[in-house]
Amino acid sequence: MMGATTSGEIRAHNRVRLLRAVHDCGAGRTRSQLTRDLRLARGTASVLVAGLAEDDLLHEEPAREHARGRPTQVPGPHPRGPLALAADVREDAWELAACELGGGTTVLELRPHDGTPDGALRPLGAAIAAHGRRLGHRVIGVGVALAGPVRHGGLVDIAHLGWRSVDVPGVLRSGASETPRPGDPEAPRPDGRGDQEAPPWRLGEGVPGAPVVGNDTAFAALAEARRGRLRGVRVGLHLHVDFDLGGVLVVDGLPLGGASGTGAEFGHMPLTGSDRLCPCGAIGCWGMDVGANALLRHVGLAYGGGRGRAQAEEVLATSEEAVAANARALGRGVAALVNAHDPEVVTLSGHGVELLERAGATLKDSCAPGLMAIRRDDPPPIEGSALGWRGALLGAMESVFDAFLTPEGLERWRENHPDQGHDTPDQRNVTHSTMKGAEPT
Ligand SMILES: [Zn+2]
């Protein structure tokens, strides 16, 4: 530990370590296992757990199964504990979820949109503000994943939708400010419970402030590194397939973001010999040949603009030819990137999982000839993500918890909870955890 010398600093440091360990293991390890993992004295662990429980940060439940002897406790999220709001904005819809310590997520809303920045982001901003008010000071931050390159500060370009330098935090904020707040003259008063129902809450006013905005592929890769197949992998390649394909290299658990944050763009490399013009402005982009748009194009259906998801899923399920063409293009590109980066493993999320299941042999057969001779004896495995479509959402969540799980973040939480006894947010929609994802309530 660096710089922690006083007993108070050491305690603050150990609080962060313990919460981080609970979060990273999915709240699935017992107190004694965590005590051993973190090399803590048993007494120290007891004091830490008690303090964190008092601060509404941790709650222990008896282990479901334990050997004879004393029941074992499993530290997990507190029922009034911190929540990250995470959103995945796809080209045709967005999904908003509340995520608790340990990674349990509950979907709050899932809504289609018209593909414009205002049509997609203002209602999302309003939903974030509404749920933020309802959940009050439990909300520790907001993470938003978008299907395009995101520059530092949250400026996003989504070529397929014609978005250029869209100020995502700004549009979210303007959407948030459109909803009446409790206490505003026009706001409906909560039935019989008055203004103590929830504190006023606006996007950007909470802790720690501005939303964390990032690229969906980079977030999916981050989630894969924390909770999926890339956990503990030093160099991995992650590819996320939706309407088109995105890819990023993950080194020591972190997606390489580039100098301005827009580095995760393997989909815009000319890896398949195509001469098709990509909406990004370049010619022959790999992403033109892999994903829902390519599936639709293959069978002669209209494509682009974030339309046609249902039809593309139908093609994916029924057209072997279209699936094989997608898989061949995917395999050729993977070979090029494996030659360049020498990853230990290649992971696929989104439609990539289905392409692998439906046409894995075709994919690998078209990858093999593109590999350098020195790579052929022991090529990296190509594997589907266990997180499926949840990766981008979970990665957005991780970014929020990364900012929170620090001595400063926990101190802010304490300062914002002067009297936890009165904290009774409505939990009707945030009651259980599931990594598989719940239906919207
Ligand atoms: Zn392109």
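The values are calculated or read from the model by the stated rules, or taken from the named source; none is laboratory data. In this text the structure is predicted, and so the values were computed from the model without any measurement. Cβ atoms come from the backbone with ideal geometry, glycine included; neighbour counts cover every protein chain shown.
Numerical summary
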| quantity | calculated |
| --- | --- |
| Strands (runs of 3 or more DSSP E) wholly inside region 1-91 that include at least 2 residues being modelled with pLDDT under 95 and over 25 Å from the mean Cα position of the chain (by Cα) | 59-62 |
| Residues located in region 286-335, provided they are more than 24 Å from Ala159 (Cα to Cα) and either touching a Pro at 6+ places or on another chain (Cβ under 6 Å) or not in a helix (DSSP H, G or I) (or both) | Ser319 |
| Strands (runs of 3 or more DSSP E) wholly inside region 139-252 containing at least 1 residues that are farther than 23 Å from Arg122 by Cβ and at pLDDT 95 or above | 235-241, 245-251 |
| Within region 258-273, tally of residues that are farther than 12 Å from Thr217 by Cβ and out of contact with any strand residue (DSSP E or B) (no Cβ under 8 Å at 6 or more places or on another chain) | 6 |
| Selection status of Leu301, at pLDDT 95 or above, more than 23 Å from His341 (Cα to Cα) and more than 9 Å from the ligand (Cβ to nearest atom) | yes |
| From the options Gly261, Gly236, residue that is away from the ligand (no atom under 14 Å from the Cβ), closer than 21 Å to Leu161 by Cβ and more than 15 Å from the chain's Cα centre (by Cα) | Gly261 |
| Qualifying residue in region 63-85 (condition: among the small types (Gly, Ala, Ser) and within 30 Å of Arg307 (Cα to Cα)) | yes |
| Flag if Ser319 is over 24 Å from Gly370 (Cβ atoms), of a type in the set (Gly, Ala, Ser) and touching a residue at least 40 places away in the same chain (Cβ under 8 Å) | no |
| Any chance Val107 is surrounded by fewer than 21 Cβ atoms within 10 Å (Cβ to Cβ), at pLDDT 95 or above and either over 30 Å from Leu146 (Cβ atoms) or touching a strand residue (DSSP E or B) at 6+ places or on another chain (Cβ under 9 Å) (or both) | yes |
| Count of residues meeting criterion [in a loop (DSSP other than H, G, I, E, B), within 8 Å of the ligand (Cβ to nearest atom) and either under 20 Å from Ala335 (Cβ atoms) or free of Cβ contacts under 8 Å to residues at least 60 places away in the same chain (or both)] in region 266-285 | 2 |
| Segments classed as helices (runs of 4 or more DSSP H), wholly inside region 348-441, with at least 3 members that are closer than 30 Å to Asp289 by Cα, over 22 Å from the mean Cα position of the chain (by Cα) and at pLDDT 90 or above | 351-367, 373-376 |
| Flag for Ala93 being among the aliphatic types (A, V, I, L, M), touching a His at 6+ places or on another chain (Cβ under 7 Å) and within 19 Å of Gly305 (Cβ to Cβ) | yes |
| Test: Ala126 is assigned to a strand (DSSP E or B) and more than 26 Å from Glu411 (Cβ to Cβ) | no |
| Which numbered condition Val338 fails, given (1) part of a helix (DSSP H, G or I); (2) hydrophobic (A, V, I, L, M, F, W, C); (3) within 27 Å of Asp114 (Cβ to Cβ) | (3) |
| Residue satisfying all of: in region 239-258; more than 16 Å from the chain's Cα centre (by Cα) and surrounded by 24 or more Cβ atoms within 10 Å (Cβ to Cβ); nearest to the ligand (Cβ to nearest atom) among these | Asp244 |
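Residues checked against (1) buried (at least 23 other Cβ atoms within 10 Å of the Cβ); (2) out of contact with any strand residue (DSSP E or B) (no Cβ under 9 Å at 6 or more places or on another chain):
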residue	(1), (2)
Ala126	no, yes
Ala129	yes, yes
Arg134	no, yes
Gly141	yes, no
Val144	yes, no
Pro149	yes, no
Gly153	no, no
Ala159	no, yes
Arg164	no, no
